[in-house]
């Protein structure tokens, strides 16, 4: 049995693979997500980044201030995707160059 992090109600844990849910319903998951984003935004404001600041959507806003607004999360997602693409390109290049040597 697991306990919902929003309402505290106990619910049966699924027996399938993957990460088990932390809430009893999708509505409670949405509530929890909203609360977490609001708290993250408030912490970022306490650290000195305001709502209308130019640092939103930049590496400084996401990493230094720990802001998780939509613009900062989008920047982080695109940055991580670019890193993965670059790593994949390097791996492909290295494997291709090894094949050429043989």
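What follows draws every value from the coordinates through simple rules; no lab data is involved. The structure displayed is predicted, hence computed values, not measured ones. Because the Cβ atoms are built from the backbone with ideal geometry, glycine has one as well, and the counts that use them run over all protein chains shown.
Sorted fewest first by neighbouring Cβ atoms within 10 angstrom, 94, 100, 55, 5 come out as 100, 94, 5, 55. Only DSSP H runs of four or more residues enter the estimate; each adds -39500 (n - 2.57), and after division by the residues of the chain the mean residue ellipticity at 222 nm equals -18500 deg cm²/dmol.
Mind jotting down a quarter of the surface of the convex hull over the alpha carbons of segment 1-61, in square nanometres, one decimal?
Mean projected area for segment 1-61: 5.9 nm², to one decimal.
Extents of the chain, largest first, come to 62, 45, 17 Å (Cα atoms, principal axes, whole angstrom). Exposure proxy for 63, 15: other Cβ atoms within 10 Å of each Cβ, ordered fewest to most, give 15, 63.
Over all distinct Cα-Cα pairs of segment 47-102, the Kirkwood formula returns a hydrodynamic radius of 13.2 Å. Take every pair of alpha-carbon atoms less than 8 Å apart whose residues are at least six positions apart; their mean separation over the length of the chain yields a relative contact order of 15 percent. Angle of helix 70-101 to the longest C-alpha principal axis of the chain, folded into 0 to 90 degrees and rounded to 10: 30°.
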